[in-house]
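Taking it in order: structure first as structure tokens, then the write-up.
Quick note: the coordinates plus some simple rules give every number you see, no bench work behind them. None of these values were measured; they are calculated from a predicted model. Every residue, glycine as well, gets a Cβ built from its backbone with ideal geometry; the counts of neighbours run over all protein chains shown.
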Amino acid sequence: MTKIRVLDPDTVNQIAAGEVVERPASVVKELLENAIDAGSTSILVDVSSDMAAITKIRVTDNGEGMTPEEAVLAFHPHATSKIRDIADLSTIRTLGFRGEALASIAAVAEVTIITRPRGAGALAGTRLVIRGAEVVEKSEVGAPEGTTVVVERLFYNTPARRKFLKSRNTELAHVYAVVENLALAHGEVAFRVVHNGKERMATQRSGGALNTIAGLYGADLARSLVPVEGRLPFLRIGGYISRPSESRGNPSQVFVSINGRSIASRQIAAAVREGYGTLLPKDRYPVAFLDLAIDTDLVDVNVHPTKREVRLSREREILPAVSAAVEEALAGHDLARETPAEPAQQRIASTEPGPIPSPIGEPGASYTAGHRELTLSDKQLRRTETEGGENLLPAMEPIGQVAATYIVAEGTDGTLYLVDQHAAHERVLYDQVTERRDKATGSQELIAPVILSLPPKESTALRDAIPLLADGGFVVDEFGRDTFAVRAVPAALGAVEDPGTVRETIADLLADESRTVPDRRQTVTCIVACRGAVKAGAVLTHDQQKRLLAQLARTKTPWTCPHGRPTVVAFDRKKLDGIFRRG
């Protein structure tokens, strides 16, 4: 008996399904891509769920449809109308081409398809019911031109896979994300999403990219975007990017499509970020909506089962072109009011309070801006003032600041200390927020609630995150469709004048859902600490510097911030003598 055997078709199909169908959103993605490839101009995604999970997915399009024979063939593994031989792989312009999607879905779910070919004069459509990858029913039915696919009991025969699905709201958020990505890449198609009979998302056909962005993310964001254009002989770049003031803590809102295919590319996201140069802090990312049209023979789309990643053969030319296009777009707009720190602020601050370093501009405006900055820092430090506690840092006296970011201090033994003011205050806040969270205290009710209007993907994630946010001191209530009222915030934040903290918390939680609940609770705490801490680039008086060092000394672990980065770097007298070769 040979040890090597050929797997049976059912096993092969389930292995393929494991690569292609990860969750309900994978089903939606594959069905939408088929609908777009079929020339649809209108697509409806109808999702049903109970309180625990998504129970049914129905995708209806007005595409070219299929004959009875084609409908049966479409469920055979590697059956496709989109390529004929290996040579076609280098010129792919369709979203799908492997012929795996329908066969893989049918291997792990019950599928019903109703289809009627466009313009063929057929009076009736075809209805197929597939279970266990086998056609169990076939009949004629009345149907409009186009195709409807209904998927039910997903993973009914693979319970281990079903066990790894996340909560209903998390899975719905992934569905909305898939539709958003495809809608941004295909303005020629009108998309509509319905959940349990209620419309959750809708875009208009041929409204232009900016109208699609406005429909999904709001008119305020769309109005603030900057258009981007760039060209090489084999490349055309188009789209929109945010001004530096509209930034995020992670690259989750850098949307990129290549030849109409929504993709995930850390390299391109990094190239977009690089185009901002010093307009953004190192840990911030813009919002961007970019479409790259690249010669198809330079793009390998056959490198990932779900086709979310591609390989570019001239990446060394493409990435710098993206950065240059972003830089040029920003250079052509007045961003003066958006820039967080002007060059005049990047200096060593005086030991004494003295005159406030002035940004470039009118004297009155400079004084007002500097005064506001000092007042904000004072409020932030007052909120974290405590009495008592053991001092775990050596005694040190502040001398001044470097680049309005690092406090320079001298120890009693002549040691030179450099303290990252943001990291230091972040450690202070993190410890205090954690203590208040564990004691279920520390919320501050807002005089007027902050109203958040979110796209469906974020609003669905927020519903799941509300208990975690409550642990961190936020009180958030639903306030209508995709709208929430933030009624209280952690006391460490003080008065919230914009919804950035909650929005960033949601974005970070959504970007890394693999974390366990304790990890995600820590993420909320870290974000609260980061948002409430004194900022890098903020000028501090001598008294403020001294208060911050005293607060840091009373924390449990004053040498690092919550992210593990150092807060204090020391150069003792011996090290300083060595640097200057003093024997």
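Numbers below:
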read-out: Degrees, to the nearest 10: 500-511 long Cα axis against longest axis of the chain; value: 50
read-out: FRET efficiency for Phe234 and Arg266, using Cβ-Cβ distance with R0 set to 35 Å, rounded to 0.05; value: 0.95
read-out: Listed residue (Gly275, Leu292, Gly218) projecting farthest to the positive dipole end of the chain, Cβ model; value: Gly275
read-out: Alpha-carbon centroids, the stretch 154-171 and the stretch 78-147: separation in whole Å; value: 24
read-out: Segment Met51-Ala202, length gained on full extension (0.36 nm per residue, minus Cα span); value: 52.0 nm
read-out: For peptides 565-577, 171-183, sequence by mean Cβ density within 10 Å, most packed first; value: 171-183, 565-577
read-out: Rg to Rh quotient for the stretch 210-337, alpha carbon positions, Kirkwood Rh; value: 0.95
read-out: At R0 = 22 Å, FRET efficiency that the Cβ-Cβ distance of Ile451 and Asn250 yields, to 0.05; value: 0.40
read-out: Per-residue ³J(HN,Hα) for the stretch 296-313, Karplus 6.51 cos²θ - 1.76 cosθ + 1.60, θ = phi - 60°, Hz, x for Gly and Pro; value: 4, 6, 9, 10, 9, 8, 9, 10, 8, x, 8, 6, 7, 10, 10, 10, 10, 6
read-out: Sites Ser139 and Thr41 - FRET efficiency at Förster radius 22 Å, r taken between beta-carbons, to 0.05; value: 0.20
read-out: Positive-pole candidate from Val568, Leu73, Val20, dipole of the chain, charges at beta carbon; value: Val568
read-out: When the convex hull of its Cα atoms is projected in every direction, mean area for the stretch 402-474 (nm²); value: 8.5
read-out: Rounded to 5, the percent of DSSP beta bridges in the chain classed as antiparallel; value: 90
read-out: Peptides 240-248, 137-145 ordered by average Cβ neighbours within 10 Å, highest first; value: 240-248, 137-145
read-out: P(r) of the stretch 52-163 over all Cα-Cα pairs, binned every 10 Å from zero, in whole percent; value: 14, 41, 32, 12, 1
read-out: Crossing angle, helix 542-553 versus the chain [Cα axis fit, 0-90 degrees, rounded to tens]; value: 60
read-out: Length-normalised contact order of the stretch 9-204 in % [C-alpha pairs under 8 Å, at least 6 apart]; value: 27
read-out: Total charge dipole magnitude, the chain, about the Cα centre, Cβ charges on Lys, Arg, Asp, Glu only, Debye to nearest 20; value: 800
read-out: Two-decimal log10 I(q)/I(0) for the stretch 6-85, as the Debye equation yields it once each C-alpha is a single scatterer, q = 0.16 Å⁻¹; value: -0.79
read-out: Chain lengthening between Ala470 and Glu274 when straightened (0.36 nm per residue, less Cα-Cα); value: 67.0 nm
read-out: Theoretical ellipticity at 222 nm over the chain - DSSP helices of four or more residues, -39500 (n - 2.57) apiece, nearest 500; value: -11000 deg cm²/dmol
read-out: Kirkwood Rh in Å, taken over all unlike Cα pairs in the stretch 201-273; value: 13.6
read-out: The stretch 88-217: translational diffusion in µm²/s, Stokes-Einstein, Kirkwood Rh over Cα pairs, 37 °C, 0.692 mPa s; value: 188
read-out: Mean separation of Cα contacts under 8 Å (6+ apart) over length of the chain, as relative contact order %; value: 12
read-out: Farthest positive-ward along the chain dipole, Cα basis, beta-carbon charges - from Val476, Met396, Gly532; value: Met396
read-out: Label-point separation, Val129 to Lys574 (7 Å along Cα→Cβ), nm; value: 8.3
read-out: Extension gain (nm, one decimal) between Ile4 and Asn302, 0.36 nm per residue minus Cα-Cα; value: 104.5 nm
read-out: q = 0.14, 0.27 Å⁻¹: log10 I(q)/I(0) that the Debye formula gives for the stretch 370-429, counting C-alpha atoms only; value: -0.48, -1.29
read-out: Average silhouette area of the stretch 147-238, convex hull of alpha-carbon atoms, in square nanometres; value: 9.5
read-out: Mean Cβ count within 10 Å, highest first, over the residues of peptides 406-416, 383-393; value: 406-416, 383-393
read-out: At q = 0.09, 0.14 Å⁻¹, base-10 log of I(q)/I(0) for the stretch 9-204 (Debye sum, equal scatterers on each alpha carbon); value: -0.31, -0.79
read-out: The chain: angle of helix 168-185 to the longest principal axis, Cα-based, in degrees nearest 10; value: 80
read-out: Filter on Lys3/Lys163; Lys29/Lys82; Lys163/Lys307; Lys282/Lys457; Lys546/Lys574; Lys282/Lys379 - keep pairs with C-alpha separation over 28 Å; value: Lys3/Lys163
read-out: Cα pair distances of the chain binned at 20 Å [whole percent]; value: 18, 44, 28, 9, 1
read-out: The stretch 210-337: relative contact order in percent, alpha carbon pairs under 8 Å with at least 6 residues between; value: 30
